[in-house]
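Reading through the structure tokens given below for one structure.
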Amino acid sequence: MHTVLIANRGEIALRVARTCREMGLRVVAIYSTEDRDGPLVRFADKAVCVGPGPSRHSYLNLPAIMEAARLTGADAVHPGYGFLSEVSDFAEVCEASGITFVGPPAAVIDRLGDKSAARAAMAEAGLPLLPGTIEPVGDAEAVAKVAAEIGYPVIVKAVAGGGGRGMQVVTDPDELPRQYREIRCTAQALFGDDRVYVERYLPSARHIEVQVLCDRYGNGVYLGQRDCSVQRRRQKIIEESPPPGLPADLSERIGSAALQGVLAAGYVGAGTVEFLVDDLNRFYFMEVNCRIQVEHPVTELTYGIDLVREQLRIAGGERLDLAQEDLVARGVAIECRVNAEDPARGFMPTPGQLYGLSLPAGPFVRVDTAATASGRISALYDPLLAKIAVWAPDRPQALARMRRALAEFSAEGPGVSTNRDFLLTALDHPLFVAGTHDTSLISRLTDSH
Amino acid sequence: MHTVLIANRGEIALRVARTCREMGLRVVAIYSTEDRDGPLVRFADKAVCVGPGPSRHSYLNLPAIMEAARLTGADAVHPGYGFLSEVSDFAEVCEASGITFVGPPAAVIDRLGDKSAARAAMAEAGLPLLPGTIEPVGDAEAVAKVAAEIGYPVIVKAVAGGGGRGMQVVTDPDELPRQYREIRCTAQALFGDDRVYVERYLPSARHIEVQVLCDRYGNGVYLGQRDCSVQRRRQKIIEESPPPGLPADLSERIGSAALQGVLAAGYVGAGTVEFLVDDLNRFYFMEVNCRIQVEHPVTELTYGIDLVREQLRIAGGERLDLAQEDLVARGVAIECRVNAEDPARGFMPTPGQLYGLSLPAGPFVRVDTAATASGRISALYDPLLAKIAVWAPDRPQALARMRRALAEFSAEGPGVSTNRDFLLTALDHPLFVAGTHDTSLISRLTDSH
Amino acid sequence: MTSLMEPAQTDTSAPLAEALDEVRRSAQSLLADLGDRPRALRIRAGDVVVEMEWTEQQHARAGSAATEPAVATVAPTPPGEAPTGIDICAPTVGTFYRAPEPDAAPFVSEGDQVRRGQQVGIVEAMKLMIPVEAEADGRVVAVHAADCTPVEYGERLITIDPTAA
Amino acid sequence: MTSLMEPAQTDTSAPLAEALDEVRRSAQSLLADLGDRPRALRIRAGDVVVEMEWTEQQHARAGSAATEPAVATVAPTPPGEAPTGIDICAPTVGTFYRAPEPDAAPFVSEGDQVRRGQQVGIVEAMKLMIPVEAEADGRVVAVHAADCTPVEYGERLITIDPTAA
């Protein structure tokens, strides 16, 4: 492996590029006309414009990206997160072209990307599921029957969904027929696949996920858990490792279960297994993410391991040189996603030209961003401005550090606002401070506004 | 302790201010007219101009600083490094004014600041010294006599010196009388004290220093060692923790000796004990620095401990809550000091107005700086532009990361050049890569230029 | 006067003597090279901005037809930008071919007259041959990309002068 | 013709003055090379901005005469600066006193005539009473610092109008 094409943009592309550079790998960036002036174009050894701004013509433009790889002599492709990272066709075309895809094999992406198939596979591997169906349900009556059995509220989810998209909570049986029709339409529109399944809905569980690493030879380790319970509109905004107050034995059971599940599925690379943990500390498998996660820095900070480096080593055919018993987390890491959005207007994105940007720094603060003081937050992409991560020996110090770091952040531009103050408010919520919050935290905040 | 006045400027003032903020302490900045637009003035809760640019009228202006403390209600003063940090009068005036001085008591600064007295104290505590005199030597004949006993080359050092200033290597006995006169003149001019002592000179030893922390109750710990052998004109430019290849038992012996020495001297706070280690792994006490060091970040990165926080806790009368047996270093940290200077012209400072500044970022990279893209590097102060520190699980990865980070650094301005490329050259020297370098590394580089 | 008197950024400060020199020199050389006066001129290099405007009357006096854009923004453009006209750009990343097959004559050469929709080249991407067509009637004034070379999306391949149609 | 140069931010340090110089020279050089006058010109380098506008009439005149435009350099001044004159500033950090002792009359008040060297206040620092003296003959036009308040180094205490001496 000599040349890695990074099929992504923004902070994650820059973050991957940095590790490539450290490993002596040549970096090929792709970019849309919208990102022409971005820092990645300057950082890369070679940058290729693959299309106009809209993602479907650039960052999702598989033929153009493959052609860019061919023309630049790239022998590996890192997909980042989002875009083509979990599109099995991309992995398949890479494989067929003799290019190393930095991620699991196409067949594994296919299986785990189908949530119904993933539930079946994980149940078979012994992971607990929420009560509900494994197979897709064909009509509203079938859903009503299951719901009557497992009790309301239930959640109807698209088989092809994931990352918080394509799901519908049903609280009232009378509303079920209408909501069932809606989620099938939505699923068809979003994923081209209208199959749905149903499971019990936990309105106030914790979102706990396990970071795993598996090599090509059936070896795997897990790197603890992340708590991602602080979500707005089902998108994570604050992540933390380790999850506060998670008992050590539960942490080990969840971790082992997750690793067992992905190894059984033939997983290769870095992946994340998501669980819900209820107030009785029972855990339920949710989904597998076949990519590096946005929130991976908190795991890197507590374990001292560069996950992208591990991804590239595994993709290059090397064996894992980490042993589970040697993996010891140190301290507490917290990440906040600073978005260009307006919390007061339903978290509406606020893209625009920046004329000022102050990023936090100092001891044990890490900022992942591709934003610059004179750059533009494009309306075409995710409004993520910067990921601010901190580390500290304990949680109170980590919280104090995050408050300090967020206070140092500012972004100015006509029409641009950020969720910085909202994040500070969330951090100061008594439940968050106590570490006893769950996925209902943000609705508590927004409902009280 | 509620309000801390930071009696310093630049990166260390900002770094101290960040920890104060995290600890809920009010921050009072002092500044000279030269630093009016610096980031600390914006960051602080209160900023007071104490004088014009030249240090002696501002950052060394003890009455003005004390007055600023009084007027702002500061109940503690953090002196940073340099300036008044090791001036016992400052500690004494603070004590007399009921203001907590964040550092050792005045009497300890006095004793350890006198190198002759420090040598005597450390010898008494059982620390090995280089062959030479403990008491000051009164004339060139006495030096010649000692030199004849211990063998040339010898080094003649000012009793009041330190930090690489006020010393003269004598290789040729015939040159001794002239060089002796010179160093006494220099010492008088620099420190107002022309006393000197003599010891054997080791042209190619390693500079190894021990970080210690002592509370007011006689408890102390050491946080491993730093290798600071890479020096230009006796000023450190690359520091590393732990020192490469230092045997574990030697590390423990040096650490224990250092701690024993400072505890015997009644030390309180964060301090550094400097040693030379020769090619037979014999170590010799050099001096004690009664302050936070420029290179403290490499210790923070390997131990996960905020040293400034410890300083403030100790100054506030708290007990150390660290036990020696729990202090485990992880991985390798390296720091490079990027200076506004021209290595090709004898490392001459190149101050000036900046119009561009790119700072490295990304995983496990820490940058300590007070420079901004539109700021000015003043000719009145130290030309330190930024401290770039990296952490990695092992030394080869740390080196690769430092190369990557340095490559991301740039500073542009008319007449401003930096030692970035020189640092990269030093990092790539086979001796440095092998970790077998000593204090002669830079002269090997500059002599071959 | 239009509302272009606005600094692009307000986040930095510097004397920037060299940069300013550069910007001024490029403004002078630009104005000297112009046959007519633009209504407005704006140059920015990092923190340095130069903007100029001329009145309608002046513009009418100096130039012939006022079809030029009202504000000429001098942005960083690739060096060697010379002929004005309509650029035909690569529709995707791929390999550019000037001719239908290896030994055939090129679709077009400099000086050729082309009609709108006429094929002027091929970009091959993932074994797909994507025809490149002229977007207007005109004369080929430049062929920028060499035969059989990689091109990226939006890269200028051929320039056509539509006034020479 | 209006001609203005305004600093975008307040910075009284030497580099800004240099920058102003550079910008002005740049503007002059640019205009000297022009055959005619633009209606507006703006140059900015970091914090320094040069903006010029020409009215239609002046513009028409300038076309033939080609006189140098009067470029006024205005030094940056802190906001809220009202009366011009000589500022007497605090010689150190400390407490400012307008009177020699608590119940005494102030050394000077607005409207008073003062002589060079006359004491106009005290700054107390570390129990030291440092006299503040007038630096020129003139009339006190403003007393900026209140009695018995903390002042920092360089803080403006009193302004004197030397033309009213």
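Here B:A389 meets the list (1) touching a helix residue (DSSP H, G or I) at 6+ places or on another chain (Cβ under 6 Å); (2) within 14 Å of chain C (Cβ to nearest Cβ) almost entirely, failing just condition (2). The single residue among A:A270, A:A248 that is of a type in the set (G, A, S), crowded, with 21+ Cβ neighbours inside 10 Å and farther than 22 Å from A:E199 by Cα turns out to be A:A270. When residues in the range B:402-434 are screened for being outside any helix (DSSP H, G or I), of a type outside the set (A, V, I, L, M, F, W, C) and over 21 Å from B:F364 (Cα atoms), 8 of them pass. Looking at this structure, is B:V230 in contact (Cβ under 8 Å) with a residue 60 or more places away in the chain, farther than 25 Å from B:G331 by Cα, among the hydrophobic types (A, V, I, L, M, F, W, C) and surrounded by 17 or more Cβ atoms within 10 Å (Cβ to Cβ)? No: the conditions fail for B:V230. Kindly indicate whether any position in the range B:318-325 is under 17 Å from the mean Cα position of the chain (by Cα) and modelled with pLDDT of 95 or more. No. Taken as a whole, the structure places A:S241 among residues that are at pLDDT 95 or above and among the hydroxyl-bearing types (S, T, Y). So in the range B:27-40, with the set limited to residues that are within 14 Å of chain A (Cβ to nearest Cβ) and part of a helix (DSSP H, G or I), which one is surrounded by the most Cβ atoms within 10 Å (Cβ to Cβ)? My answer is B:L40. Of all residues in the range A:389-409, at least one satisfies being crowded, with 19+ Cβ neighbours inside 10 Å, among the aromatic types (F, W, Y), touching a residue at least 12 places away in the same chain (Cβ under 8 Å) and within 22 Å of B:T372 (Cα to Cα). Scanning the range C:108-162 for residues that are under 28 Å from A:L62 (Cβ atoms) and among the acidic types (D, E), which turns out nearest to the other protein chains (Cβ to nearest Cβ)? Filtering first and then ranking leaves C:E152. Only one of the numbered conditions (1) in contact with a helix residue (DSSP H, G or I) (Cβ under 6 Å, 6 or more places away or on another chain); (2) more than 11 Å from chain D (Cβ to nearest Cβ); (3) more than 15 Å from B:V102 (Cα to Cα) is not met by B:V48, and that is (2). Does the range B:342-351 contain any residue that is in the same structural domain as B:Q235 (by TED's automatic domain parsing), touching a Ser or Thr at 6+ places or on another chain (Cβ under 8 Å) and surrounded by 20 or more Cβ atoms within 10 Å (Cβ to Cβ)? Yes, the range B:342-351 contains at least one residue that is in the same structural domain as B:Q235 (by TED's automatic domain parsing), touching a Ser or Thr at 6+ places or on another chain (Cβ under 8 Å) and surrounded by 20 or more Cβ atoms within 10 Å (Cβ to Cβ).
Across the range A:92-106, the qualifying residues are those that are hydrophobic (A, V, I, L, M, F, W, C) and either in a helix (DSSP H, G or I) or within 14 Å of another protein chain (Cβ to nearest Cβ) (or both), and the one among them that is farthest from C:G94 (Cα to Cα) is A:A106. Among the criteria (1) within 14 Å of chain A (Cβ to nearest Cβ); (2) part of a loop (DSSP other than H, G, I, E, B); (3) within 25 Å of the chain's Cα centre (by Cα), the one B:G24 does not fulfil is (3). When the range A:339-364 is limited to residues that are of a type in the set (A, V, I, L, M) and farther than 25 Å from A:A44 by Cα, the one that is farthest from the chain's Cα centre (by Cα) turns out to be A:A344. Among the candidates B:R195, B:R253, B:R216, the residue that is over 15 Å from the mean Cα position of the chain (by Cα), in the same structural domain as B:A160 (by TED's automatic domain parsing) and either surrounded by fewer than 23 Cβ atoms within 10 Å (Cβ to Cβ) or within 23 Å of B:T436 (Cβ to Cβ) (or both) is uniquely B:R195. Which ones in the range B:363-380 are under 24 Å from B:R403 (Cα atoms) and away from chain C (no Cβ under 14 Å)? Hits for the range B:363-380 are B:P363, B:F364, B:V365, B:R366, B:V367, B:D368, B:T369, B:A370. Of the strands (runs of 3 or more DSSP E) that lie entirely inside the range B:193-289, those containing 2 or more residues that are under 23 Å from B:E135 (Cα atoms) and of a type outside the set (A, V, I, L, M, F, W, C) span B:196-200, B:269-277, B:283-289.
Scanning the range A:219-264 for residues that are more than 17 Å from A:E310 (Cβ to Cβ) and among the small types (G, A, S) yields A:S229, A:G245, A:A248, A:S251, A:S256, A:A257, A:G261, A:A264. Comparison of C:V114, C:V140, C:V151 shows that the only residue that is under 24 Å from A:I65 (Cα atoms) and at pLDDT 95 or above is C:V151.
If you check B:L357, B:L312, B:L399, B:L380 for being assigned by TED's automatic domain parsing to the domain that holds B:S256, farther than 23 Å from A:P393 by Cβ and part of a helix (DSSP H, G or I), only one passes: B:L399.
The set of residues in the range A:285-308 being within 14 Å of another protein chain (Cβ to nearest Cβ) and more than 17 Å from A:L384 (Cβ to Cβ) consists of A:T299, A:E300, A:L301, A:T302, A:Y303, A:G304, A:I305, A:D306, A:L307, A:V308. Scanning the range A:162-169 for residues that are in a loop (DSSP other than H, G, I, E, B), not assigned by TED's automatic domain parsing to the domain that holds A:M66 and not polar (S, T, N, Q) turns up at least one hit. Exactly one residue out of C:G154, C:G121 is touching a residue at least 12 places away in the same chain (Cβ under 8 Å) and assigned to a loop (DSSP other than H, G, I, E, B), and it is C:G154. Within the range A:166-195, the residues that satisfy the criterion of being under 22 Å from A:R232 (Cα atoms) and in contact with a helix residue (DSSP H, G or I) (Cβ under 6 Å, 6 or more places away or on another chain) are A:G166, A:Q168, A:V170. Taken together, A:D110, A:D114, A:D89 contain a single residue that is free of Cβ contacts under 8 Å to residues at least 60 places away in the same chain, of a type outside the set (S, T, Y) and within 14 Å of another protein chain (Cβ to nearest Cβ), which is A:D89. Return yes when A:V50 is crowded, with 24+ Cβ neighbours inside 10 Å, over 16 Å from A:R291 (Cα atoms) and touching a Phe, Trp or Tyr at 6+ places or on another chain (Cβ under 6 Å) and no when it is not. For A:V50, the condition - crowded, with 24+ Cβ neighbours inside 10 Å, over 16 Å from A:R291 (Cα atoms) and touching a Phe, Trp or Tyr at 6+ places or on another chain (Cβ under 6 Å) - is met. Looking across the range B:53-83 at every residue that is more than 13 Å from chain D (Cβ to nearest Cβ) and assigned to a loop (DSSP other than H, G, I, E, B), the one that is surrounded by the most Cβ atoms within 10 Å (Cβ to Cβ) is identified as B:P79.
The values are calculated or read from the model by the stated rules, or taken from the named source; none is laboratory data. The model shown is predicted, which means the values in this text are computed figures rather than measured ones. Neighbour counts run over all protein chains shown; Cβ positions are idealised from the backbone, glycine included.
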